[in-house]
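Accompanying notes for the structure given below.
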Amino acid sequence: MADQEFDYIVVGAGSAGCLLANRLSADPANRVLLIEAGGRDNYHWIHIPVGYLYCIDNPRTDWRFRTEPESGLNGRSLIYPRGKTLGGCSSINGMLYIRGHSRDYDGWAELAGDDAWRWENCLPDFMKHEDHHSLDADGGADAGDRDYHGHGGGWRVEKQRLKWQVLDDFATAAVEAGIPRTTDFNRGDNEGVDYFEVNQRKGFRWNTSKAFLRGVEKRNNLTLWHSSQVLGLELDRDGGEPRCTGLRVERGGEDAVVRAGREVILCAGAIGSPQLLQLSGIGPAELLSQHDIPVSVELPGVGENLQDHLQIRSVYRVTGAKTLNTMANSLVGKAKIGLEYAFKRSGPMSMAPSQLCAFTRSSDEYTHPNIEYHVQPLSLDAFGQPLHDYPAITASVCNLNPTSRGTVRIKSRDPRMAPAIAPNYLSTQEDRKVAADSLRVTRRIASQPAFAKYQPEEVKPGVQYESDEDLARLAGDIGTTIFHPVGTAKMGRDDDPMAVVDSHLRVRGVKGLRVVDASIMPIITSGNTNSPTLMIAEKAAGWILAGE
């Protein structure tokens with residue numbers, strides 16, 4: 001394959017990459033190449049919402065990473081899904097539209113030394129690509145909706161297409177436990193309880209490939225290569241500071257060098273971007289030397305600062321409730337579910353993995369919501385296992401602001417070998433305390449009068465466990481990732497030795513190279529991370545087009 005040259009090369013057609021390719025190619029003068037290791041998003045289970053069950057840990061759509069054994073999880077290793085298809089993680093994730101808390105972005109601004117990252121300056125970037133249901137002609141928007149939401153953009157946000165009485169009653173119990181009701185988690189203060197809004201359109205998943213590539217893929221100045229593995233970056237040292245001039249890629253069984261006249265932009269995610277930097281000699285010198293990789297730029301923060309949300313799944317057996325366990329454990333029930341989706345695009349097949357959401361505090365010492373609930377009308381032993389044969393709900397709770405920090409480090413010079421992923425969950429006393437306290441909050445909600453009619457029985461972790469030590473240990477047994485890795489190429493000030501990119505996301509010490517994905521987050525957002533990643537890409541697109 002002959003060498004080719006473009007103005008911009010975007011690595012990764014996931015959430016950030018699809019939006020960025022759309023924005024950069026809007027100017028016909030820009031020649032843009034978008035490269036994706038996975039195939040097209042034409043697998044039917046990508047588009048049926050419940051199909052995430054068949055996309056996660058499927059080599060057709062997932063990188064199928066695994067964590068290293070985690071001491072905080074009592075030696076367990078977790079599956080670590082990352083999307084490997086057009087749309088990336090937006091093709092296999094939970095479809096939940098959550099921006100986080102205003103304090104997240106104000107904190108980023110302080111750490112980056114740039115007010116562009118403050119909440120009020122990020123809000124327009126969220127709104128620019130949004131298509132919020134409340135602003136439809138029949139959406140019944142109020143003034144607040146217009147102040148906080150956009151319409152006509154590519155990123156569709158809708159209400160879920162089903163409700164569950166048992167979850168309605170759990171929400172009422174949450175209110176009785178002191179959590180206020182809300183109608184919008186995305187106005188800066190996310191405290192409250194309500195159903196999640198979802199990235200769906202008329203009962204189908206709405207991924208970033210549909211949102212930002214459909215139609216524009218035919219632009220003459222936009223080239224899309226899927227099923228193409230990036231092997232490493234090309235760096236030119238002429239004139240002192242190295243410049244990224246392109247990359248090496250394997251496509252169709254052949255290797256080639258692709259040149260970038262202006263910039264290479266890594267949108268490979270919190271695992272892929274630091275891995276590619278390390279393979280290219282950009283990262284911690286000691287790690288690179290272990291693998292005989294010449295150090296091009298020593299950046300000790302590459303692959304450090306990994307943060308993730310660990311969810312702790314409390315299971316309650318209930319009596320007299322309609323749950324998915326009871327609906328889906330018979331051939332007749334499954335047939336009814338299938339027919340409802342076929343004819344109405346509603347029912348359990350239209351479900352996001354979680355339906356009811358609550359943001360609250362694990363204890364009175366916090367002045368802001370520091371835990372998030374994902375509540376589901378179902379239960380199972382672990383992802384991929386069959387549903388239990390009794391009616392139950394799962395109230396999963398995660399620490400939104402973990403203090404534990406992990407790493408992503410290459411194991412080999414081979415770009416096809418997965419890196420070592422070590423989230424280091426529950427490695428701090430604060431995180432273990434939040435885990436124990438959050439389980440107590442779950443118990444408080446489940447014990448309220450509104451939920452009493454279901455005679456809830458705590459199956460996991462079990463009422464016999466009460467002490468901080470026992471609950472933290474049990475959290476390690478039942479906790480699992482909620483698929484939100486961030487921070488491994490973090491943004492920071494010039495005087496931060498661990499900062500990988502500056503406030504405009506340019507890689508320090510390398511010209512012509514940026515990282516634009518969740519890896520640049522210095523601190524994880526207080527909520528699901530997909531839509532904040534789109535905001536990052538929207539903001540970065542403006543800087544790139546302005547040459548900033």
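The values are calculated or read from the model by the stated rules, or taken from the named source; none is laboratory data. Everything quoted here is computed from the prediction, not taken from an experiment. Heads up, the Cβs are rebuilt from the backbone with ideal geometry, glycines too, and the neighbour counts pull from every protein chain shown. Ligands, DNA and RNA are stripped out before the accessible areas are found, and what is left, the full protein with its side chains, is counted by its heavy atoms. Shrake-Rupley method; radii C 1.70, N 1.55, O 1.52, S 1.80 Å.
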- Message: It is to be established whether one or more residues within the range 245-252 are surrounded by fewer than 22 Cβ atoms within 10 Å (Cβ to Cβ), outside any loop (DSSP other than H, G, I, E, B) and in contact (Cβ under 8 Å) with a residue 40 or more places away in the chain.
- Response: yes
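Results for (1) at pLDDT 95 or above; (2) open to solvent by 10 Å² or more (accessible area, probe 1.4 Å); (3) not in a strand (DSSP E or B), shown as yes or no for each residue.
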position	(1), (2), (3)
D7	yes, yes, no
A13	yes, no, yes
C18	yes, no, yes
N22	yes, yes, yes
P28	yes, yes, yes
D41	yes, yes, yes
G51	no, no, yes
Y54	no, yes, yes
N58	yes, yes, yes
- Item | Matching residues, the range 447-459, being open to solvent by less than 50 Å² (accessible area, probe 1.4 Å) and farther than 14 Å from L167 by Cα | E458
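For (1) more than 30 Å from L378 (Cβ to Cβ); (2) out of contact with any Gly (no Cβ under 8 Å at 6 or more places or on another chain); (3) not charged (D, E, K, R), each residue gets a yes or a no:
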{"site": "T481", "(1), (2), (3)": "no, yes, yes"}
{"site": "P485", "(1), (2), (3)": "no, no, yes"}
{"site": "P497", "(1), (2), (3)": "yes, no, yes"}
{"site": "R506", "(1), (2), (3)": "yes, yes, no"}
{"site": "V510", "(1), (2), (3)": "yes, yes, yes"}
- Which condition breaks for D477 when tested against (1) buried (at least 22 other Cβ atoms within 10 Å of the Cβ); (2) part of a helix (DSSP H, G or I)? (1)
- Message: Can you confirm whether S102 is polar (S, T, N, Q), within 29 Å of I371 (Cβ to Cβ) and touching a Lys or Arg at 6+ places or on another chain (Cβ under 8 Å)?
- Response: no
- Top-ranked residue in the range 384-413 [being of a type in the set (G, A, S) and at pLDDT 95 or above; ranked as nearest to I482 (Cα to Cα)]: S396
- Task: Return yes when G150 is in contact with a Lys or Arg (Cβ under 7 Å, 6 or more places away or on another chain), of a type in the set (G, A, S), part of a loop (DSSP other than H, G, I, E, B) and open to solvent by less than 50 Å² (accessible area, probe 1.4 Å) and no when it is not.
- Result: yes
- Kindly provide the set of residues from the range 62-87 that are surrounded by fewer than 16 Cβ atoms within 10 Å (Cβ to Cβ), small (G, A, S) and touching a residue at least 12 places away in the same chain (Cβ under 8 Å), ordered by number. S71
- Looking at the range 412-428, which of the residues that are out of contact with any Ser or Thr (no Cβ under 9 Å at 6 or more places or on another chain) and without any contact (Cβ under 8 Å) to a residue 40 or more places away in the chain is most open to solvent (accessible area, probe 1.4 Å)? M417
